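S.K.: Take a look at this one; I'll ask things after.
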């Protein structure tokens with residue numbers, strides 16, 4: 001486990017942002033490419049070169065038409081990293097979910113919760129990110145101040161910050177407008193085929209850079225769509241929060257009320273679909289989750305209800321306590337590597353991301369939250 005995770009400050013045009021990103025974490029990008037080379041070989045039995053061809057054939061032409069700024073940023077990352085990497089290598093890294101996570105999924109647990117105290121709302125988003133142990137060496141925090149690309153009609157936020165993987169342009173975070181999101185993988189074979197189906201990490205970035213609210217995020221999701229399945233937990237500083245099970249066939253909303261085991265004031269999600277047809281779930285959409293996803297969801301819902309009944313203050317500390325739960329170990333909310341695990345089963349909780357959107361504050365703890373004396377990174381927007 002690393003003693004900390006580097007924060008990279010990026011400002012300016014898409015290319016300048018990418019160049020700063022790639023230059024600052026060049027070795028980590030090479031490490032991540034090595035990790036995903038092995039991952040592609042294990043999960044879909046293709047080489048990095050084959051994965052790159054798949055990424056280019058499926059996404060480069062459409063992105064050049066619809067989202068050229070993100071390709072410019074990827075070129076900047078490649079130039080900053082050096083070592084013979086090309087923009088297409090960076091594109092391949094950014095579509096790793098579309099290449100392989102239609103067959104496999106991670107083990108994340110996420111939650112949104114809103115509380116009112118003295119007529120003031122606090123809007124929390126929280127998540128454990130469970131993924132391959134090797135990614136301990138590939139994590140990065142990106143703190144970005146974008147300028148609007150002259151080729152694109154846009155209204156970006158002043159600043160966004162997210163915890164991600166070196167070389168990948170988006171993931172879990174928040175922005176200066178008071179909007180934030182968490183991500184959970186969904187194992188489903190649904191694949192988007194049009195230019196405006198964005199790979200899920202590019203969609204995360206677009207939302208963080210251009211959504212000033214949950215409503216704006218929903219408009220962007222409808223306008224663009226996603227190229228593979230992903231779950232997004234969304235919230236903004238007004239107190240609007242919900243969950244969106246996103247797929248190329250359409251999106252299902254899960255609202256903070258007594259639905260699917262949730263209750264008024266919170267929504268929890270893990271790695272399976274439980275949105276209803278009434279909420280917009282496409283009838284033909286199916287997934288293939290692990291059994292522990294159902295157990296983790298039920299456990300997080302139970303813990304949240306118990307804290308509410310016992311009048312436990314909702315705070316970063318109390319959220320971290322819930323995300324430290326070990327029931328069902330090693331496949332618990334706070335996940336550990338099972339004894340003798342190989343391949344995909346070697347997943348662990350890499351970090352915990354906590355955000356309070358009304359105050360623009362965040363915390364990222366590096367490692368399993370159930371352990372003591374782990375590094376904590378603070379965010380303030």
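S.K.: Residues being in contact (Cβ under 8 Å) with a residue 60 or more places away in the chain, part of a loop (DSSP other than H, G, I, E, B) and touching a helix residue (DSSP H, G or I) at 6+ places or on another chain (Cβ under 9 Å): count how many of those fall in the range 241-281.
M.R.: Here the count works out to 4.
S.K.: Now for a separate question. Answer with yes or no whether residue 71 is under 17 Å from residue 201 (Cα atoms), outside any loop (DSSP other than H, G, I, E, B) and over 18 Å from the mean Cα position of the chain (by Cα).
M.R.: yes
S.K.: Please go through (1) modelled with pLDDT of 95 or more; (2) over 28 Å from residue 236 (Cβ atoms); (3) in a helix (DSSP H, G or I) for residue 308 and return the number of the only condition it doesn't satisfy.
M.R.: (2)
S.K.: Restricting the range 321-330 to residues that are within 19 Å of residue 136 (Cα to Cα) and within 20 Å of the chain's Cα centre (by Cα), which is surrounded by the fewest Cβ atoms within 10 Å (Cβ to Cβ)?
M.R.: 324
S.K.: I'd like to check something: does the range 142-155 contain any residue that is part of a loop (DSSP other than H, G, I, E, B), under 20 Å from residue 232 (Cα atoms), touching a helix residue (DSSP H, G or I) at 6+ places or on another chain (Cβ under 6 Å) and modelled with pLDDT under 95?
M.R.: No: the range 142-155 contains no residue that is part of a loop (DSSP other than H, G, I, E, B), under 20 Å from residue 232 (Cα atoms), touching a helix residue (DSSP H, G or I) at 6+ places or on another chain (Cβ under 6 Å) and modelled with pLDDT under 95.
S.K.: Regarding the range 334-355, can at least one residue be identified that is surrounded by 21 or more Cβ atoms within 10 Å (Cβ to Cβ), touching a helix residue (DSSP H, G or I) at 6+ places or on another chain (Cβ under 7 Å), in a loop (DSSP other than H, G, I, E, B) and in contact (Cβ under 8 Å) with a residue 24 or more places away in the chain?
M.R.: yes
S.K.: What residue, among those in the range 244-259 that are crowded, with 16+ Cβ neighbours inside 10 Å and farther than 20 Å from residue 284 by Cα, is modelled with the highest pLDDT?
M.R.: Result: 256.
S.K.: If you don't mind, there's one more thing I want to ask. Would it be correct to say that residue 134 is in contact with a helix residue (DSSP H, G or I) (Cβ under 6 Å, 6 or more places away or on another chain), within 16 Å of residue 94 (Cα to Cα) and touching a residue at least 40 places away in the same chain (Cβ under 8 Å)?
M.R.: So residue 134 does not fit the description; no.
S.K.: Right, next: Under 28 Å from residue 155 (Cα atoms) and touching a helix residue (DSSP H, G or I) at 6+ places or on another chain (Cβ under 9 Å): which single residue out of 55, 34, 24 fits that description?
M.R.: Answer to the check: 24.
S.K.: At pLDDT 95 or above, over 20 Å from the mean Cα position of the chain (by Cα) and outside any loop (DSSP other than H, G, I, E, B): is that true of residue 295 in this structure?
M.R.: Here the answer is yes, as residue 295 does meet what is asked.
S.K.: Taking the range 356-375 as the search range and keeping residues that are under 14 Å from residue 319 (Cβ atoms) and within 20 Å of the chain's Cα centre (by Cα), which one is surrounded by the fewest Cβ atoms within 10 Å (Cβ to Cβ)?
M.R.: 361
S.K.: Give me the pairs: first residue in the range 282-296 and exposed (fewer than 15 other Cβ atoms within 10 Å of the Cβ), second residue in a loop (DSSP other than H, G, I, E, B), beta-carbon distance under 7 Å, and six or more apart or on different chains, which are they?
M.R.: Partner pairs satisfying both residue conditions: 283/277; 284/249; 286/188; 288/187.
S.K.: Only one of these conditions is not met by residue 188: (1) modelled with pLDDT of 95 or more; (2) part of a loop (DSSP other than H, G, I, E, B); (3) surrounded by 24 or more Cβ atoms within 10 Å (Cβ to Cβ). Which number is it?
M.R.: (1)
S.K.: Just checking, which of 225, 164, 180 is touching a residue at least 24 places away in the same chain (Cβ under 8 Å) and at positive phi?
M.R.: 225
The values are calculated or read from the model by the stated rules, or taken from the named source; none is laboratory data. These figures come from a predicted structure and were not determined experimentally. Backbone-built Cβ (ideal geometry, glycine too); neighbour counts: all protein chains shown.
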